[in-house]
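The values are calculated or read from the model by the stated rules, or taken from the named source; none is laboratory data. A quick note: this is a predicted structure, and the numbers were derived from the prediction, not measured. Note: ideal-geometry Cβ built from the backbone for every residue, glycine included; neighbour counts use all protein chains shown. Keep in mind that these areas ignore ligands, DNA and RNA; they rest on the heavy atoms of the full protein, side chains included. Shrake-Rupley method; radii C 1.70, N 1.55, O 1.52, S 1.80 Å.
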There are 2 protein chains.
Amino acid sequence: MSLLLDALRAAVGPAHVLRDGDLSAYEVDWRKRYHGRALAVVRPGSTAEVAAVVRLCREHATSLVPQGGNTGLVGGGVPDDSGRQVLLSLGRMQRIRQLDADNLTVTVEAGCVLQALQQTAADAGLLFPLSLAAEGSCTIGGNLASNAGGTQVLRYGNARELCLGLEVVTPQGEVWDGLSGLRKDNTGYDLRDLFIGSEGTLGVITAATLKLHPRPGATMTALAACPSIEACVALLRRARQRLDAGLTGFELMERFALALVAQHFPSLPQPLPAAPWTVLLELAAPSEAQARDSLEAVLGEALDSGEAHDAVVAESLAQSHALWHLRESIPLAQAEEGLNIKNDIALPVSAIPGFVTEMGDTLRALVPGIRLVTFGHLGDGNLHYNLQAPQGVPAADFLAQHEAVLNQRVYDAVMACGGSFSAEHGIGALKCSELARRKSPVALGMMRAIKQALDPQGLMNPGRLLQP
Amino acid sequence: MSLLLDALRAAVGPAHVLRDGDLSAYEVDWRKRYHGRALAVVRPGSTAEVAAVVRLCREHATSLVPQGGNTGLVGGGVPDDSGRQVLLSLGRMQRIRQLDADNLTVTVEAGCVLQALQQTAADAGLLFPLSLAAEGSCTIGGNLASNAGGTQVLRYGNARELCLGLEVVTPQGEVWDGLSGLRKDNTGYDLRDLFIGSEGTLGVITAATLKLHPRPGATMTALAACPSIEACVALLRRARQRLDAGLTGFELMERFALALVAQHFPSLPQPLPAAPWTVLLELAAPSEAQARDSLEAVLGEALDSGEAHDAVVAESLAQSHALWHLRESIPLAQAEEGLNIKNDIALPVSAIPGFVTEMGDTLRALVPGIRLVTFGHLGDGNLHYNLQAPQGVPAADFLAQHEAVLNQRVYDAVMACGGSFSAEHGIGALKCSELARRKSPVALGMMRAIKQALDPQGLMNPGRLLQP
């Protein structure tokens with residue numbers, strides 16, 4: 001191993017091969033469920049250095065774990081505990097290589113923090129719409145490797161839909177320059193989308209060319225109180241029909257989710273009285289007046305039709321932020337209430353009312369008093385369907401006793417509806433066996449064949465996504 | 001071979017294994033450049049029958065050529081002239097399996113004609129936005145296998161962006177049911193996008209789940225006369241900024257392209273006087289009044305800034321159609337003028353002014369009097385950059401003498417700008433050697449490895465896309 005370490009030091013500089021001191025920022029995942037130990041943390045400063053590191057690891061039959069901002073939720077970016085894997089941190093590669101305003105594209109290195117990229121776009125009068133809770137520390141390389149979702153998917157798509165081209169270091173240590181800024185390019189297999197979402201198991205994304213969008217003239221937010229989940233789906237359909245691409249957000253919050261926010265954050269104003277379901281709508285429009293007119297028209301129709309029984313449109317940008325803040329406080333309020341079981345699931349929108357009703361009955365029968373915290377991106381069919389211990393039951397006991405069984409019941413029902421057991425968080429180490437169990441053998445066979453074809457030595461992030 | 005033929009007849013019924021009579025509708029491509037001869041034309045009626053046909057061909061080491069509406073432009077869907085390939089026509093599989101209005105999706109079999117699908121969506125009050133010249137006969141399976149583009153890409157994306165899930169028969173004759181209707185699903189490698197654009201070389205697409213969109217309340221079209229190609233790009237930038245997702249089309253027409261239309265179709269009204277460049281803008285908006293206001297505002301700014309020196313907004317739906325008809329008559333007018341060299345290229349929008357200026361000078365120096373017919377989807381960076389013989393020179397002589405050299409000069413310049421030599425038509429047989437020559441060895445190596453991994457016997461559409 002000392003031969004490899006010496007060669008790595010020569011390749012990236014001794015200061016960028018870390019072995020001593022507290023390396024927990026690299027070795028422990030964000031949710032602190034995976035505590036790994038790396039042979040070394042290697043921080044290359046350029047694509048050529050990444051390629052050199054990969055070639056050296058290959059020569060020494062040493063596997064690599066690529067890492068961006070280490071904010072992943074499924075343990076896909078931290079080393080195992082063998083002390084034999086190289087942790088390849090892209091954190092030094094932060095350069096914006098080019099912003100092309102006429103082509104509405106930006107080319108950026110993998111280690112660029114999402115928020116820095118958003119700011120670069122804003123400085124040019126443009127919008128990079130990917131937005132998620134970790135944006136202050138996650139990196140664009142990690143966003144692409146995990147096909148990140150977030151709050152703007154309804155209008156702008158996942159990370160996949162925002163990417164036009166990639167630069168990748170292959171498992172052989174070669175550089176694929178696929179940094180196309182083209183909207184149309186039908187020349188061969190779609191390698192780009194194969195790497196997006198592959199969680200570092202097929203190669204290392206070192207840079208990307210991304211789509212930019214015009215900044216909307218105005219954005220406006222509203223809340224609507226709905227009598228049922230069916231009414232929420234009907235309101236979504238109406239809002240899409242009336243607002244089309246102007247509808248940039250449609251978030252769902254069940255009564256208990258907002259009650260938890262009221263309990264733990266009593267200073268946050270809740271402008272509507274408690275309702276079975278509350279929906280947050282966000283609209284982008286050329287002007288504030290147009291945004292208000294359109295939102296009020298849709299909500300007026302919803303009130304007339306009974307899809308909503310109360311509604312409020314934000315009076316100011318500050319009030320818009322406050323409405324979003326309510327929605328974003330749900331996970332925090334849950335954490336205050338104690339550990340819970342998190343499910344990041346997706347369903348066809350049409351299947352959500354049936355799922356929510358039947359699953360709730362099933363779970364309450366299994367664990368009397370269980371508290372369901374249902375919220376999420378209804379417009380994308382993506383629910384955060386979280387399960388909290390019955391009042392008074394210690395969270396640790398609840399998890400120890402029920403987590404495995406409840407997860408399986410939820411996933412069984414999700415799959416029966418044509419849904420997904422990982423909507424936006426990916427597979428990583430956490431859901432590796434779930435993937436092996438639940439994906440069709442035909443799909444798994446093709447995935448394994450592709451992995452074997454591109455990384456025959458199995459050196460890229462082994463044990464993540466696909467089981468070894 | 002008679003064993004295979006008997007087995008195929010048993011699998012799909014004797015009436016659906018064609019060997020006699022005029023099979024040119026299957027064996028000759030739409031542009032009549034490829035005249036093949038099939039062992040048999042086989043027309044399965046279900047996914048199970050497709051799988052059976054693939055397994056039988058595999059047992060008999062016989063290769064397959066999948067075919068949809070046979071409207072491809074690069075010879076990717078017709079058999080070679082060996083008489084040993086099975087032509088697998090999906091034409092009988094036309095069923096709409098499910099339309100889910102709340103989820104905004106439709107699941108449809110591969111042989112469904114694009115126009116039938118558009119109509120199905122319209123009947124449900126929704127929009128399937130893929131639109132191209134061949135829509136009356138092309139099929140959705142072919143659209144996906146070739147990642148079709150068309151006239152609505154600026155707003156809605158290519159076929160790839162409209163697809164959520166696929167059903168595919170693999171080269172092993174297994175069925176992969178990937179008919180997901182989910183907007184978010186991060187469970188493993190993106191097999192869907194690998195099959196989209198793979199031109200039948202990795203498997204047979206038998207069905208797809210596609211995105212639907214709301215129908216815009218109103219659509220309006222305008223023409224603007226611009227003094228230069230730089231002004232057209234500036235107007236595009238302004239229109240995107242002001243109209244955002246409302247901008248559904250931005251088409252470019254050079255003076256000579258419209259002059260050809262005037263010459264060959266003198267009855268078509270041309271509402272603006274001849275200008276160096278004419279741009280067609282299309283806007284979708286909730287109402288006709290809003291559409292007109294927005295278009296007039298943008299065009300007013302363009303006139304003030306000098307980006308345009310004249311403009312007209314359609315007064316009616318009929319006039320909107322007439323403006324599109326002008327644009328769509330360019331290829332027909334070209335055909336009237338005689339055979340010509342067609343280039344389906346894409347460039348970063350920012351590179352287009354330089355390319356058009358420099359390439360024009362180069363080509364006019366090489367072939368004095370050469371006539372350039374430049375038009376296309378400026379909003380997508382996709383130019384149809386066609387070359388017509390000098391006045392009085394027979395087209396056949398021009399092509400024989402110059403086609404190969406001029407193609408290479410154009411492609412060289414396109415690649416130097418970071419462009420693509422096949423924006424929306426694909427590779428097929430026509431551009432197979434071009435792909436081998438112009439793609440990076442790293443990309444080609446990965447493509448070959450994937451082909452080998454998924455189709456080790458090389459039975460799926462061999463010699464197309466990748467050289468054998």
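Would you check which residues across the stretch A:445-468 are of a type outside the set (A, V, I, L, M, F, W, C) and at the interface with chain B (Cβ under 7 Å from one of its Cβ atoms) and list them? Don't jump to the end; show me each part of the working.
Quick first cut of the stretch A:445-468, residues of a type outside the set (A, V, I, L, M, F, W, C) only: A:445, A:448, A:451-452, A:455-458, A:461-464, A:467-468.
Of everything in the stretch A:445-468, just one residue is of a type outside the set (A, V, I, L, M, F, W, C) and at the interface with chain B (Cβ under 7 Å from one of its Cβ atoms), namely A:Gln452.
Give me the pairs, please: first residue somewhere in the stretch B:27-44 and more than 26 Å from B:Ala11 (Cα to Cα), second residue anywhere and polar (S, T, N, Q), beta-carbon distance under 9 Å, and either six or more positions apart or on two chains.
Here the result reads B:Asp29/B:Asn70; B:Asp29/B:Thr71; B:Trp30/B:Asn70; B:Trp30/B:Thr71; B:Trp30/B:Ser137; B:His35/B:Ser24, each pair linking the stretch B:27-44 to a residue that is polar (S, T, N, Q).
Being closer than 26 Å to B:Arg237 by Cα, touching a residue at least 24 places away in the same chain (Cβ under 8 Å) and in contact with a His (Cβ under 7 Å, 6 or more places away or on another chain) is true for just one of B:Gly354, B:Gly376. Which residue is that?
Only one candidate qualifies: B:Gly376.
Any idea which of A:Leu272, A:Leu258, A:Leu236 is surrounded by fewer than 23 Cβ atoms within 10 Å (Cβ to Cβ), modelled with pLDDT of 95 or more and of a type in the set (A, V, I, L, M)?
Criteria check complete, one pass: A:Leu272.
Looking at the stretch A:191-250 only, could you name the residues that are among the β-branched types (Val, Ile, Thr) and touching a helix residue (DSSP H, G or I) at 6+ places or on another chain (Cβ under 9 Å)? I'd like the intermediate steps shown before the answer.
Taking the stretch A:191-250 first, the residues among the β-branched types (Val, Ile, Thr) are A:196, A:201, A:204-206, A:209, A:219, A:221, A:229, A:233, A:248.
A:Ile196, A:Thr201, A:Val204, A:Ile205, A:Thr206, A:Thr219, A:Thr221, A:Ile229, A:Val233, A:Thr248 - these are the residues of the stretch A:191-250 that are among the β-branched types (Val, Ile, Thr) and touching a helix residue (DSSP H, G or I) at 6+ places or on another chain (Cβ under 9 Å).
With the checklist (1) touching a residue at least 12 places away in the same chain (Cβ under 8 Å); (2) of a type outside the set (A, V, I, L, M, F, W, C); (3) within 14 Å of chain A (Cβ to nearest Cβ); (4) open to solvent by 10 Å² or more (accessible area, probe 1.4 Å) in hand, flag the one item B:Pro129 doesn't pass.
Going through the list (1) touching a residue at least 12 places away in the same chain (Cβ under 8 Å); (2) of a type outside the set (A, V, I, L, M, F, W, C); (3) within 14 Å of chain A (Cβ to nearest Cβ); (4) open to solvent by 10 Å² or more (accessible area, probe 1.4 Å), B:Pro129 breaks only (4).
Is it the case, given these coordinates, that B:Ala291 is in a helix (DSSP H, G or I), surrounded by 15 or more Cβ atoms within 10 Å (Cβ to Cβ) and at pLDDT 95 or above?
no
What pairs come up if the first residue lies in the stretch B:442-468 and is closer than 15 Å to B:Lys431 by Cβ, the second is acidic (Asp, Glu), and their beta carbons are under 6 Å apart, counting only those six or more places apart or on different chains?
Within 6 Å, the pairs are B:Arg464/B:Glu199; B:Leu465/B:Glu199.
Answer yes or no as to whether B:Val442 is within 14 Å of chain A (Cβ to nearest Cβ), crowded, with 23+ Cβ neighbours inside 10 Å and assigned to a helix (DSSP H, G or I). It would help to see each step written out before you state the result.
Values: within 14 Å of chain A (Cβ to nearest Cβ): yes; crowded, with 23+ Cβ neighbours inside 10 Å: no; assigned to a helix (DSSP H, G or I): yes.
Against the criterion (within 14 Å of chain A (Cβ to nearest Cβ), crowded, with 23+ Cβ neighbours inside 10 Å and assigned to a helix (DSSP H, G or I)), B:Val442 does not qualify.
Take B:Leu378 and decide whether it is over 25 Å from the mean Cα position of the chain (by Cα), at pLDDT 95 or above and not hydroxyl-bearing (Ser, Thr, Tyr). Even if it seems obvious, please write down each step before you answer.
On the way: over 25 Å from the mean Cα position of the chain (by Cα): no; at pLDDT 95 or above: yes; not hydroxyl-bearing (Ser, Thr, Tyr): yes.
So B:Leu378 does not fit the description; no.
Only one of A:Gly75, A:Gly69 is touching a residue at least 60 places away in the same chain (Cβ under 8 Å) and at positive phi; which?
Details: A:Gly69 fails: at positive phi.
From the options A:Gly75, A:Gly69, the qualifying one is A:Gly75.
Being within 18 Å of B:Met93 (Cβ to Cβ), at the interface with chain A (Cβ under 8 Å from one of its Cβ atoms) and not in a loop (DSSP other than H, G, I, E, B) is the filter; apply it to the stretch B:146-185 and report the residue that is nearest to the chain's Cα centre (by Cα).
B:Gly178
Is it the case that B:Ala122 is away from chain A (no Cβ under 12 Å), of a type in the set (A, V, I, L, M, F, W, C), surrounded by fewer than 24 Cβ atoms within 10 Å (Cβ to Cβ) and not in a loop (DSSP other than H, G, I, E, B)? Break it down stepwise before answering.
Details: away from chain A (no Cβ under 12 Å): yes; of a type in the set (A, V, I, L, M, F, W, C): yes; surrounded by fewer than 24 Cβ atoms within 10 Å (Cβ to Cβ): yes; not in a loop (DSSP other than H, G, I, E, B): yes.
Criteria met by B:Ala122.
Can you say whether B:Val204 is over 22 Å from the mean Cα position of the chain (by Cα), over 30 Å from A:Leu73 (Cα atoms), outside the structural domain of B:Asp293 (by TED's automatic domain parsing) and crowded, with 21+ Cβ neighbours inside 10 Å, as far as the supplied structure shows?
no
Listed here are the residues, each with its yes/no results for (1) modelled with pLDDT under 95; (2) under 25 Å from B:Leu162 (Cβ atoms); (3) aliphatic (A, V, I, L, M).
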residue	(1), (2), (3)
A:Cys163	no, yes, no
A:Pro171	no, no, no
A:Glu174	no, no, no
A:Thr187	no, yes, no
A:Ala208	no, yes, yes
A:Thr221	no, no, no
A:Ala225	no, no, yes
A:Ala231	no, no, yes
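Restricting the search to the stretch A:370-381, which residues are outside any strand (DSSP E or B) and either open to solvent by 30 Å² or more (accessible area, probe 1.4 Å) or not small (Gly, Ala, Ser) (or both)?
A:Ile370, A:Leu378, A:Asp380
Has the stretch B:382-401 got at least one residue that is closer than 18 Å to A:Leu179 by Cα and either assigned to a helix (DSSP H, G or I) or within 11 Å of chain A (Cβ to nearest Cβ) (or both)?
Scanning the stretch B:382-401, I find at least one residue that is closer than 18 Å to A:Leu179 by Cα and either assigned to a helix (DSSP H, G or I) or within 11 Å of chain A (Cβ to nearest Cβ) (or both), so the answer is yes.
Does B:Arg242 satisfy the condition of being surrounded by fewer than 22 Cβ atoms within 10 Å (Cβ to Cβ) and either assigned to a strand (DSSP E or B) or within 14 Å of another protein chain (Cβ to nearest Cβ) (or both)?
Against the criterion (surrounded by fewer than 22 Cβ atoms within 10 Å (Cβ to Cβ) and either assigned to a strand (DSSP E or B) or within 14 Å of another protein chain (Cβ to nearest Cβ) (or both)), B:Arg242 qualifies.
Check A:Glu315, A:Glu301 and return the single one that is assigned to a loop (DSSP other than H, G, I, E, B), open to solvent by 40 Å² or more (accessible area, probe 1.4 Å) and under 20 Å from A:Ala239 (Cα atoms).
On inspection, the qualifying residue turns out to be A:Glu315.
Rundown of residues vs (1) more than 24 Å from B:Asn103 (Cβ to Cβ); (2) more than 11 Å from every other protein chain (Cβ to nearest Cβ); (3) without any contact (Cβ under 8 Å) to a residue 40 or more places away in the chain, yes/no style:
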| site | (1), (2), (3) |
| --- | --- |
| A:Arg215 | yes, no, no |
| A:Leu236 | no, no, no |
| A:Gly249 | no, yes, no |
| A:Arg255 | yes, yes, yes |
| A:Pro269 | yes, yes, no |
| A:Leu272 | yes, yes, no |
| A:Pro276 | no, yes, no |
| A:Glu288 | yes, yes, no |
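For the stretch A:409-439, what are the residues that are touching a residue at least 40 places away in the same chain (Cβ under 8 Å) and either at positive phi or facing chain B (nearest Cβ under 9 Å) (or both)?
A:Gly418, A:Gly419, A:Ser420, A:Phe421, A:Ser422, A:Ala423, A:Glu424, A:His425, A:Gly426, A:Ile427, A:Gly428, A:Lys431
Of the conditions (1) buried (at least 18 other Cβ atoms within 10 Å of the Cβ); (2) within 19 Å of the chain's Cα centre (by Cα); (3) on the phi < 0 side of the Ramachandran plot, A:Ser137 clears all except one; give me its number.
Every listed condition holds for A:Ser137 apart from (1).
Conditions first: (1) at pLDDT 95 or above; (2) open to solvent by 10 Å² or more (accessible area, probe 1.4 Å); (3) assigned to a loop (DSSP other than H, G, I, E, B). B:Pro79 passes all but one, so which condition is the exception?
(2)
Name, by its number, the condition in (1) among the acidic types (Asp, Glu); (2) more than 8 Å from chain A (Cβ to nearest Cβ); (3) over 20 Å from the mean Cα position of the chain (by Cα) that does not hold for B:Glu199.
The one condition B:Glu199 does not meet is (3).
Which of the residues belonging to the stretch B:318-359 are part of a helix (DSSP H, G or I), touching a helix residue (DSSP H, G or I) at 6+ places or on another chain (Cβ under 8 Å) and of a type outside the set (A, V, I, L, M)?
B:Ser329, B:Gln334, B:Glu336, B:Glu337, B:Ser350, B:Pro353, B:Phe355, B:Thr357, B:Glu358
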